[in-house]
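Rule-based calculations on the coordinates, nothing more; no lab input. All figures in this text were calculated on a predicted structure; none of them were measured in a lab. Don't worry about glycine lacking a Cβ; one is built from the backbone with ideal geometry, like all the others, and counts go over all protein chains shown.
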Amino acid sequence: MSATVSVIIPVYNEEAGLAALFERLYPALDALGRRYEVVFVDDGSRDRSAALLREQFERRPEVTRVVLLARNAGQHMAILAAFAHSRGDYVITLDADLQNPPEEIAKLVAAMDQGADYVGTIRARRHDVYWRKAASRLMNRVRERTTQIRITDQGCMLRGYHRSIVDAINRCVEVSTYVPALGYTFARHPVEIEVTHAERAAGESKYSIYRLIRLNFDLMTGFSVVPLQFVTMVGMLVALLSLAFVVVLAVRRLVVGPEVKGVFTLFGLAFFFIGVLLVSLGVVGEYVGRIYEQVRQRPRYTIGAVLEERGIQMSEAGARDPLSPLFKPHPELDHTEMLRAEHEVGGPK
């Protein structure tokens, strides 16, 4: 029997583009000829995204599940919430903006059928502004030099994960994490394939340049201690240079005698060293802050509701499969009703 497929789509204020997404997504999945499910995660949207997701659930309840987060937790936390509710052998993540066409999902499924347990993607002919492309290339180089993670195009969320990878991710309890990199660390047979890229169908990007820098900094500090080692080496180098400078000044004083020249040079060097110290303190503080967030043991996300159909899981080309062993209905969930989750989930145990 062909492997089942779970498609995970985080949604945040995507009201304008959801209709186009629904129109293209389900036919593309029906064409796969295998059982599938679509897990939408509304990440605390402030527009009508949640209402549109519920309408779509009512239209295709046999293959649709909707997870509504109580508040905005971020794209990667939303993906983790969906991972916990997915049941497929292959799990595909996809953005809701249609920049990665749903028709490309078939390429990832084919790659996983051939033995890959992690499928990364590289966007061909990216339709992004120049500064986003340049920033992406720069961050990729920095990341590859500070971690062992080799992701050519880290900004593309169209990725495939084998169930074994998803299960390993679900056992992790990091408060802050970058899902593609985390999945890569567990992969034994990772591959990358090229996929098409289109302009955003509607709405606007949720990632500003600050958020992109913040994401990459989290990635470097979350998967490597190289920044700390770099700060240590810089500190040792500055200490050696300072010692050599003191020796030069002492010899000069003995040979030339006391003088006032070079005061501004000393000020410049002092400010430079102060800057190095502040940067070093910031890097150390970043790691300490991550430890602080972790030891508080607060949940990573809070589920407000789950929409799913009781006793029915994935369908092949839209046909219901009430006997599917992949689905374990929640004991308190009535048929096509909303499950209210009063508890918070996803935090450290």
PRE zone check, label point 7 Å out along Cα-to-Cβ of THR185, amide N under 16 Å, scope segment 218-241, hits 218-228
Highest mean packing first, using Cβ neighbours within 10 angstrom, the peptides 113-122, 294-303 sort as 113-122, 294-303
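Can you give the FRET efficiency to the nearest 0.05 for GLU199 and ASP47, using r as the Cβ-Cβ distance and R₀ = 25 Å? Please report the intermediate quantities before stating the final value.
Numbers: r = 21 Å, r/R0 = 0.83.
So the FRET efficiency works out to roughly 0.75.
Taking the Cβ-Cβ separation of ARG24 and SER242 as r and a Förster radius of 45 Å, what is the calculated FRET efficiency to the nearest 0.05? Intermediate results must be reported in sequence, preceding the final value.
Working: r = 62 Å, r/R0 = 1.38.
Efficiency, rounded to the nearest 0.05: 0.15.
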Sorted on mean Cβ neighbours within 10 Å (highest first), peptides 5-15, 50-60 come out as 5-15, 50-60
Cα-based Rg and Dmax for segment 1-80, in Å, come out at 12.7, 41
Between ARG141 and ILE274, the two model label points (7 Å from Cα along the beta-carbon direction) sit apart by a distance in nm of 3.2 nm
Length gained, GLU293-LEU266, 0.36 nm per residue minus C-alpha separation, equals 5.7 nm
